[in-house]
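Q: Got a structure for you, written out below as structure tokens; questions coming shortly.
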Amino acid sequence: MLLTPHDCFSTRLRLLIHNHKPSRPFPGNLLTRTRATRLCKASLITSSDSFEVGRLIGSYGFMNVTSYSGFPSGVDTEYSSGGMGQLRVQDVGEGSVKIRLYEGRVSQGPYRGIPVYPGQRAGGIEADMMAANELNAHIFLQSSPKELCQNILILLGGFETTTGEQWLAFRNDGKYSAADYTKYASERVLSKAALESTSWNRFEEEEKIKRRRNFVIKLFQGAMKGLAYMHDHDRLHQSLGPSSISLNTIAEREAVYLIPRLRDLAFSVDVRYSYLEEGTGSSLSEGLWRRASAAGAVTPMDKRAFGIADDIYEAGLLFAYLAFLPFCEPGIMDSLSLQRLIENTFQLDIEAIREYCLADDRLLEAVKFLDLGDGAGWELLQDMLNPDFRRRPIAEAVLNHRFMSVKFR
């Protein structure tokens, strides 16, 4: 699990520690609100002597991807085919910051003996900035123990080693990510040829699809609840994707127990009006404010609205990812090819994307999923990916959209 700054856990909980040359959050377990309120009152663990680091269990990094450049126009702008050409996918490149995950445990204090997973980040000054930003974001979001969000990982502590490495420890609320789930689900999709050549039970296959649809919607709901909480508390995520959502299970039969949690807050941005009016910010948010300026968002109010809408756009791409990949065979679709299909090939024309997908039998289950509720899924996708940031819904509106309560038949 991930350790997050501010929350505490019982001796039965496992933790996740990660070390980087700044620190960064990982997925972990979650407590009920009542229990979390009681436990979060303890201070963060800040001594390196309090942790023992064990074996390396994995690593991951960042990719630099800019989705699109928006229109500088206002609400009433007409979008011509020529204007849509302004939308573009920018270069995709590997980030300089790497994170390594380790097993570990708390070695002293009231939580002695609790297993943890540590992660290590390396990358110099940029990594240090990301670690500090992530730490600050978690502390800010966990500053009120009475209203902790169960859909955001809990930071338990952090420390610096004698060699200058920064570590963050998060409560271990799950070892999976949404990316792990989509890979798991995709590998279990039967091809049309396989269905025709083997004996299979149509009723069982239909029930499996219903469970998958239910799991995907609950996963997306959890992610949006976490994002809504962040926005309500004046924080942007700015790195939302399948790898930034921690899951406590990927078994579709266990959807009732599923609790998605947001992590990876290294790029989080403070959008309190007082902060925006001061005009101070780190280099981590420079790209965001350049895009805001290009879209005509200059005042603090407009910049805040743009930042929230930018998160919603990322959530829209996440929704598309969850709507397609779990329902397709491996290799048919991946996140980058899907994003290029949406942004480059069809330039955010969701109706045209549906027509394209209808012609490919391999994408049929994804189309059926988004067709639920008389096309409610496509409608939501179009709203979230609206080229005009002012027309995108807020996270709470996404949660209240009719697709979220669609009935599976």
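Q: To the nearest 20 debye, what charge dipole does region 144-300 have about its Cα centre, counting +1 at the Cβ of each Lys and Arg and -1 at the Cβ of each Asp and Glu?
A: Here the size comes out at about 560 debye.
Q: Under a point-charge model restricted to the Cβ atoms of Lys and Arg (+1) and Asp and Glu (-1), what is the dipole moment magnitude of region 207-285 relative to its Cα centre, in debye to the nearest 20?
A: 720 debye
Q: In addition: Could you state how much accessible area Met129 has, in square angstrom rounded to the nearest 10, with a 1.4 Å probe and all protein chains kept in place?
A: Its heavy atoms expose roughly 60 Å² to the probe.
Q: Quick check on my link table: of Lys146/Lys368; Lys183/Lys225; Lys146/Lys175; Lys146/Lys183; Lys175/Lys208; Lys225/Lys303, which ones sit more than 31 Å apart, alpha carbon to alpha carbon?
A: Over 31 Å apart, Cα to Cα: Lys146/Lys368; Lys146/Lys183.
Q: Under 13 Å from the Cβ of Val398, count the other residues' Cβ atoms, weight Lys and Arg +1, Asp and Glu -1, and hand me the total.
A: -2
Q: How much length is gained on full extension from Ala251 to Arg290, taking 0.36 nm per residue of separation minus their Cα-Cα distance?
A: Extra length available between Ala251 and Arg290 comes to 9.9 nm.
Q: What is the sum of charges around Leu276, taking Lys and Arg as +1, Asp and Glu as -1, for the other residues whose C-beta is under 10 Å from the C-beta of Leu276?
A: With Lys, Arg at +1 and Asp, Glu at -1, the net is -2.
The values are calculated or read from the model by the stated rules, or taken from the named source; none is laboratory data. What you see is a predicted model, and the numbers here were worked out from it, not measured in a lab. Cβ atoms come from the backbone with ideal geometry, glycine included; neighbour counts cover every protein chain shown. What goes into the accessible areas is simple: the full protein's heavy atoms, side chains included, and nothing from ligands, DNA or RNA. Shrake-Rupley method; radii C 1.70, N 1.55, O 1.52, S 1.80 Å.
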